[in-house]
Amino acid sequence: MLIPKTHPRAASLHIREKLVQGYRAGLVIEEGLMAHGRGEAFDYLIGEKTSKNALRALKEAAKLLLLTENPVISVNGNVASLCPKEIVKLAKVVNAKIEVNLFYASEKRKKTIVSFLKRNGAKQILGVDPRFSRKIPRLDSARRIVDKRGIFSADVVLVPLEDGDRTIALKKLGKKVITFDLNPLSRTAQVADITIVDNVVRGMRILIEMSMKLKKKKLVADKFNNRKNLSQALVEMNNNLRRIAYA
Ligand code: PTJ
(Lines give C-alpha, C1' and ligand atoms only; values in the text may rest on other atoms or scores of the structure.)
Protein backbone atom coordinates (compact mmCIF):
# COMPACT_ATOMS: atom_id res chain seq x y z
CA MET A 1 0.00 0.00 0.00
CA LEU A 2 1.28 3.47 -0.85
CA ILE A 3 1.25 5.72 2.20
CA PRO A 4 1.67 9.39 1.24
CA LYS A 5 4.75 10.93 2.93
CA THR A 6 2.61 13.92 3.87
CA HIS A 7 0.10 11.82 5.79
CA PRO A 8 0.11 13.14 9.38
CA ARG A 9 0.34 9.62 10.77
CA ALA A 10 2.59 8.13 8.09
CA ALA A 11 5.10 6.73 10.63
CA SER A 12 2.40 4.76 12.46
CA LEU A 13 0.94 3.49 9.19
CA HIS A 14 4.38 2.34 8.02
CA ILE A 15 4.85 0.37 11.25
CA ARG A 16 1.42 -1.21 10.76
CA GLU A 17 2.35 -2.12 7.18
CA LYS A 18 5.57 -3.81 8.38
CA LEU A 19 3.55 -5.97 10.70
CA VAL A 20 1.09 -6.94 7.97
CA GLN A 21 4.04 -7.91 5.76
CA GLY A 22 5.39 -9.94 8.70
CA TYR A 23 2.03 -11.67 8.96
CA ARG A 24 2.02 -12.51 5.24
CA ALA A 25 5.59 -13.83 5.50
CA GLY A 26 4.62 -16.18 8.36
CA LEU A 27 6.52 -14.34 11.11
CA VAL A 28 3.49 -12.91 12.90
CA ILE A 29 0.23 -14.64 13.90
CA GLU A 30 -3.29 -13.13 13.82
CA GLU A 31 -3.17 -12.50 17.57
CA GLY A 32 0.01 -10.50 16.98
CA LEU A 33 -1.95 -8.09 14.78
CA MET A 34 -4.44 -7.60 17.60
CA ALA A 35 -1.67 -7.07 20.14
CA HIS A 36 -0.26 -4.42 17.83
CA GLY A 37 -3.62 -2.65 17.69
CA ARG A 38 -3.63 -2.44 21.48
CA GLY A 39 -0.13 -1.01 21.37
CA GLU A 40 -1.18 1.57 18.75
CA ALA A 41 -3.95 2.84 21.02
CA PHE A 42 -1.48 3.45 23.84
CA ASP A 43 1.01 4.98 21.41
CA TYR A 44 -1.70 7.50 20.52
CA LEU A 45 -2.03 8.38 24.20
CA ILE A 46 1.69 9.07 24.58
CA GLY A 47 1.62 11.27 21.47
CA GLU A 48 3.54 8.75 19.30
CA LYS A 49 6.87 10.01 20.57
CA THR A 50 9.46 8.89 23.09
CA SER A 51 8.64 10.44 26.44
CA LYS A 52 10.93 11.55 29.28
CA ASN A 53 10.05 8.51 31.38
CA ALA A 54 10.85 6.22 28.45
CA LEU A 55 14.25 7.91 28.02
CA ARG A 56 15.00 7.35 31.72
CA ALA A 57 14.08 3.66 31.41
CA LEU A 58 16.07 3.33 28.18
CA LYS A 59 19.21 4.70 29.82
CA GLU A 60 18.83 2.34 32.76
CA ALA A 61 18.19 -0.59 30.40
CA ALA A 62 21.32 0.20 28.39
CA LYS A 63 23.38 0.28 31.60
CA LEU A 64 21.97 -3.00 32.87
CA LEU A 65 22.56 -4.75 29.54
CA LEU A 66 26.16 -3.51 29.48
CA LEU A 67 26.88 -4.27 33.12
CA THR A 68 25.63 -7.85 33.22
CA GLU A 69 27.56 -10.93 32.18
CA ASN A 70 24.93 -12.84 30.30
CA PRO A 71 22.15 -10.75 28.71
CA VAL A 72 19.64 -12.35 26.34
CA ILE A 73 17.19 -10.74 23.92
CA SER A 74 13.97 -12.75 23.65
CA VAL A 75 12.35 -12.41 20.23
CA ASN A 76 8.72 -13.09 19.29
CA GLY A 77 6.95 -12.78 15.94
CA ASN A 78 5.98 -9.10 16.31
CA VAL A 79 9.42 -7.98 17.40
CA ALA A 80 11.20 -9.95 14.66
CA SER A 81 8.93 -8.42 12.08
CA LEU A 82 9.19 -4.83 13.39
CA CYS A 83 12.89 -4.48 14.15
CA PRO A 84 15.08 -7.34 12.88
CA LYS A 85 18.16 -5.23 12.14
CA GLU A 86 17.91 -3.44 15.48
CA ILE A 87 17.79 -6.76 17.40
CA VAL A 88 20.96 -7.89 15.66
CA LYS A 89 22.70 -4.56 16.20
CA LEU A 90 21.74 -4.31 19.88
CA ALA A 91 22.92 -7.88 20.51
CA LYS A 92 26.28 -6.96 19.01
CA VAL A 93 26.67 -3.71 20.96
CA VAL A 94 25.80 -5.16 24.39
CA ASN A 95 27.16 -8.63 23.66
CA ALA A 96 23.80 -10.36 24.14
CA LYS A 97 22.49 -13.64 22.84
CA ILE A 98 19.35 -13.76 20.72
CA GLU A 99 16.68 -16.37 21.49
CA VAL A 100 13.42 -17.01 19.68
CA ASN A 101 10.61 -17.60 22.15
CA LEU A 102 6.97 -17.68 21.09
CA PHE A 103 3.69 -17.55 22.96
CA TYR A 104 1.74 -19.15 20.10
CA ALA A 105 4.59 -21.55 19.39
CA SER A 106 5.05 -23.54 16.19
CA GLU A 107 8.26 -25.05 14.86
CA LYS A 108 7.48 -23.71 11.39
CA ARG A 109 7.12 -20.10 12.58
CA LYS A 110 10.25 -20.41 14.73
CA LYS A 111 12.23 -21.50 11.66
CA THR A 112 10.77 -18.67 9.56
CA ILE A 113 11.82 -16.16 12.25
CA VAL A 114 15.31 -17.66 12.51
CA SER A 115 15.95 -17.44 8.77
CA PHE A 116 14.52 -13.90 8.65
CA LEU A 117 16.86 -12.79 11.48
CA LYS A 118 19.78 -14.49 9.74
CA ARG A 119 18.97 -12.64 6.53
CA ASN A 120 19.16 -9.49 8.66
CA GLY A 121 22.65 -10.30 9.92
CA ALA A 122 22.19 -12.57 12.96
CA LYS A 123 24.82 -15.29 13.35
CA GLN A 124 23.56 -17.51 16.15
CA ILE A 125 19.96 -17.75 17.31
CA LEU A 126 19.01 -19.86 20.28
CA GLY A 127 15.67 -21.46 21.10
CA VAL A 128 15.38 -23.86 18.16
CA ASP A 129 17.62 -26.81 19.02
CA PRO A 130 15.64 -29.31 21.18
CA ARG A 131 18.88 -30.72 22.64
CA PHE A 132 19.20 -27.52 24.67
CA SER A 133 15.53 -27.13 25.67
CA ARG A 134 14.79 -26.53 29.31
CA LYS A 135 11.50 -25.75 31.07
CA ILE A 136 10.78 -22.71 33.20
CA PRO A 137 9.10 -24.16 36.32
CA ARG A 138 5.50 -23.21 37.18
CA LEU A 139 4.69 -21.83 33.74
CA ASP A 140 2.08 -23.45 31.49
CA SER A 141 2.35 -21.49 28.23
CA ALA A 142 4.63 -22.47 25.35
CA ARG A 143 6.96 -19.71 26.47
CA ARG A 144 8.14 -22.07 29.24
CA ILE A 145 10.46 -23.84 26.77
CA VAL A 146 13.74 -21.94 26.78
CA ASP A 147 17.32 -22.57 25.76
CA LYS A 148 19.80 -23.78 28.39
CA ARG A 149 22.50 -21.60 26.81
CA GLY A 150 20.21 -18.56 26.60
CA ILE A 151 17.26 -17.46 28.71
CA PHE A 152 17.66 -20.37 31.15
CA SER A 153 21.13 -19.24 32.22
CA ALA A 154 20.73 -15.48 31.58
CA ASP A 155 21.10 -12.87 34.30
CA VAL A 156 19.07 -10.28 32.42
CA VAL A 157 16.42 -10.87 29.76
CA LEU A 158 15.05 -8.24 27.42
CA VAL A 159 11.47 -9.33 26.67
CA PRO A 160 9.77 -6.85 24.34
CA LEU A 161 5.96 -7.30 24.07
CA GLU A 162 5.78 -10.06 26.62
CA ASP A 163 2.97 -11.79 28.46
CA GLY A 164 2.69 -11.33 32.21
CA ASP A 165 2.91 -14.99 33.23
CA ARG A 166 6.38 -15.48 31.84
CA THR A 167 7.63 -12.18 33.21
CA ILE A 168 6.56 -13.32 36.68
CA ALA A 169 8.12 -16.76 36.12
CA LEU A 170 11.41 -15.20 34.96
CA LYS A 171 11.47 -12.97 38.03
CA LYS A 172 10.90 -16.02 40.25
CA LEU A 173 13.93 -17.62 38.59
CA GLY A 174 15.97 -14.63 39.75
CA LYS A 175 16.33 -12.93 36.35
CA LYS A 176 16.28 -9.19 35.85
CA VAL A 177 13.62 -8.35 33.28
CA ILE A 178 13.58 -5.41 30.88
CA THR A 179 10.54 -4.91 28.67
CA PHE A 180 9.17 -2.64 25.98
CA ASP A 181 5.45 -2.25 26.54
CA LEU A 182 3.30 0.64 25.38
CA ASN A 183 0.72 -0.32 27.99
CA PRO A 184 1.98 0.75 31.42
CA LEU A 185 -0.94 -1.13 33.02
CA SER A 186 -0.05 -4.56 31.63
CA ARG A 187 1.14 -7.19 34.08
CA THR A 188 4.51 -7.36 32.37
CA ALA A 189 4.91 -3.59 32.60
CA GLN A 190 4.00 -3.73 36.29
CA VAL A 191 6.33 -6.56 37.33
CA ALA A 192 9.41 -5.98 35.15
CA ASP A 193 12.53 -4.38 36.65
CA ILE A 194 12.71 -1.83 33.84
CA THR A 195 9.66 -1.01 31.70
CA ILE A 196 10.20 1.11 28.62
CA VAL A 197 6.81 2.59 27.78
CA ASP A 198 7.56 3.29 24.14
CA ASN A 199 6.98 1.79 20.74
CA VAL A 200 9.63 -0.89 20.29
CA VAL A 201 10.36 0.52 16.82
CA ARG A 202 11.37 3.95 18.19
CA GLY A 203 12.80 2.68 21.47
CA MET A 204 15.12 0.00 20.08
CA ARG A 205 16.97 2.57 17.99
CA ILE A 206 17.47 4.81 21.02
CA LEU A 207 18.55 1.83 23.14
CA ILE A 208 21.25 1.02 20.58
CA GLU A 209 22.49 4.64 20.47
CA MET A 210 22.54 4.92 24.27
CA SER A 211 24.33 1.58 24.63
CA MET A 212 26.99 2.66 22.12
CA LYS A 213 27.59 5.90 24.03
CA LEU A 214 27.54 4.34 27.50
CA LYS A 215 29.85 1.52 26.45
CA LYS A 216 32.73 3.99 26.40
CA LYS A 217 32.07 5.12 29.98
CA LYS A 218 32.67 3.68 33.41
CA LEU A 219 29.24 2.51 34.49
CA VAL A 220 27.52 2.19 37.84
CA ALA A 221 23.90 1.03 38.04
CA ASP A 222 21.73 3.67 39.72
CA LYS A 223 18.81 2.83 41.95
CA PHE A 224 15.98 2.80 39.44
CA ASN A 225 12.43 2.90 40.70
CA ASN A 226 10.33 1.27 37.98
CA ARG A 227 7.08 1.86 39.86
CA LYS A 228 7.78 5.57 40.12
CA ASN A 229 8.73 5.72 36.44
CA LEU A 230 5.50 3.92 35.47
CA SER A 231 3.53 6.45 37.52
CA GLN A 232 5.24 9.16 35.47
CA ALA A 233 4.15 7.38 32.27
CA LEU A 234 0.53 7.47 33.46
CA VAL A 235 0.83 11.11 34.52
CA GLU A 236 2.25 12.04 31.11
CA MET A 237 -0.63 10.23 29.36
CA ASN A 238 -3.08 12.02 31.61
CA ASN A 239 -1.46 15.38 30.85
CA ASN A 240 -1.71 14.69 27.11
CA LEU A 241 -5.39 13.88 27.45
CA ARG A 242 -6.07 16.98 29.55
CA ARG A 243 -4.24 19.20 27.08
CA ILE A 244 -6.36 17.86 24.22
CA ALA A 245 -9.58 17.89 26.24
CA TYR A 246 -9.19 21.51 27.33
CA ALA A 247 -7.55 22.90 24.16
O1 PTJ B 1 4.82 -14.22 18.38
P2 PTJ B 1 4.21 -14.74 19.65
O3 PTJ B 1 3.49 -16.05 19.44
O4 PTJ B 1 5.22 -14.88 20.77
O5 PTJ B 1 3.11 -13.70 20.15
C6 PTJ B 1 3.45 -12.34 20.35
C7 PTJ B 1 2.29 -11.56 21.01
C8 PTJ B 1 2.69 -10.09 21.02
C9 PTJ B 1 1.02 -11.76 20.19
C10 PTJ B 1 2.09 -12.11 22.43
O11 PTJ B 1 3.27 -11.98 23.17
C12 PTJ B 1 0.94 -11.44 23.13
O13 PTJ B 1 -0.21 -11.86 23.09
O14 PTJ B 1 1.29 -10.34 23.79
P15 PTJ B 1 0.25 -9.47 24.69
O16 PTJ B 1 -0.04 -10.22 25.95
O17 PTJ B 1 -0.89 -8.99 23.86
O18 PTJ B 1 1.15 -8.26 25.07
C19 PTJ B 1 1.70 -7.41 24.13
C20 PTJ B 1 1.92 -6.06 24.79
O21 PTJ B 1 2.75 -5.31 23.93
C22 PTJ B 1 0.62 -5.26 24.98
O23 PTJ B 1 0.60 -4.67 26.27
C24 PTJ B 1 0.69 -4.17 23.90
O25 PTJ B 1 0.12 -2.96 24.34
C26 PTJ B 1 2.20 -4.00 23.72
N27 PTJ B 1 2.60 -3.61 22.36
C28 PTJ B 1 2.01 -3.94 21.19
N29 PTJ B 1 2.69 -3.41 20.15
C30 PTJ B 1 3.76 -2.75 20.68
C31 PTJ B 1 3.69 -2.88 22.11
N32 PTJ B 1 4.63 -2.32 22.91
C33 PTJ B 1 5.65 -1.65 22.32
N34 PTJ B 1 5.76 -1.49 20.98
C35 PTJ B 1 4.85 -2.02 20.13
N36 PTJ B 1 4.97 -1.87 18.81
Q: Among residues belonging to segment 182-233 that are touching a strand residue (DSSP E or B) at 6+ places or on another chain (Cβ under 6 Å) and not in a helix (DSSP H, G or I), point out the one that is surrounded by the fewest Cβ atoms within 10 Å (Cβ to Cβ).
A: Asp193
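Each row is one residue, and each column tells you yes or no for (1) among the β-branched types (Val, Ile, Thr); (2) over 21 Å from Val114 (Cα atoms); (3) in a helix (DSSP H, G or I); (4) without any contact (Cβ under 8 Å) to a residue 40 or more places away in the chain.
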| site | (1), (2), (3), (4) |
| --- | --- |
| Pro8 | no, yes, no, yes |
| Gly22 | no, no, yes, no |
| Val28 | yes, no, no, no |
| Gly37 | no, yes, yes, yes |
Q: Take Arg16 and decide whether it is surrounded by fewer than 22 Cβ atoms within 10 Å (Cβ to Cβ), near the ligand (Cβ under 10 Å from one of its atoms) and within 26 Å of Pro184 (Cβ to Cβ).
A: yes
Q.
Tell me yes or no: at least one residue of segment 154-166 is over 18 Å from Val28 (Cβ atoms) and in contact with a Phe, Trp or Tyr (Cβ under 6 Å, 6 or more places away or on another chain).
A. no
Q) What number of residues in segment 216-240 are basic (Lys, Arg) and at pLDDT below 95? A) 4
Q.
Would you confirm whether or not segment 130-145 contains a residue that is part of a loop (DSSP other than H, G, I, E, B), under 22 Å from Leu33 (Cβ atoms), within 15 Å of the ligand (Cβ to nearest atom) and in contact with a helix residue (DSSP H, G or I) (Cβ under 8 Å, 6 or more places away or on another chain)?
A. yes
Q: Identify the residue in segment 84-113 that is out of contact with any Asp or Glu (no Cβ under 7 Å at 6 or more places or on another chain) and of a type in the set (Ser, Thr, Tyr) and, among all such residues, is nearest to Thr167 (Cα to Cα).
A: Ser106
Q: Give segment 77-102 a look and list any residue that's buried (at least 19 other Cβ atoms within 10 Å of the Cβ) and in a loop (DSSP other than H, G, I, E, B), or say none.
A: Cys83, Ala96, Asn101, Leu102
Q) How do the pairs read when you match residues in segment 99-115 that are among the hydroxyl-bearing types (Ser, Thr, Tyr) with residues anywhere that are crowded, with 18+ Cβ neighbours inside 10 Å and not in a helix (DSSP H, G or I), using Cβ under 7 Å and keeping only pairs 6 or more apart or on different chains? A) Tyr104/Ile29; Thr112/Leu27
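Each row is one residue, and each column tells you yes or no for (1) among the basic types (Lys, Arg); (2) touching a residue at least 40 places away in the same chain (Cβ under 8 Å); (3) within 27 Å of Tyr44 (Cβ to Cβ).
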position	(1), (2), (3)
Ser141	no, no, no
Arg149	yes, yes, no
Val157	no, yes, no
Glu162	no, yes, yes
Leu173	no, no, no
Thr179	no, no, yes
Thr188	no, no, yes
Ala192	no, no, yes
Val197	no, yes, yes
**Q.** Index of the failed condition, Phe42 passing every other in (1) in contact with a Leu (Cβ under 6 Å, 6 or more places away or on another chain); (2) closer than 23 Å to Leu207 by Cα; (3) more than 9 Å from the ligand (Cβ to nearest atom)
**A.** (3)
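The values are calculated or read from the model by the stated rules, or taken from the named source; none is laboratory data. All values derive from a computational prediction rather than experimental measurement. Every residue, glycine among them, receives a Cβ derived from its backbone with ideal geometry; neighbour counts consider all protein chains shown.
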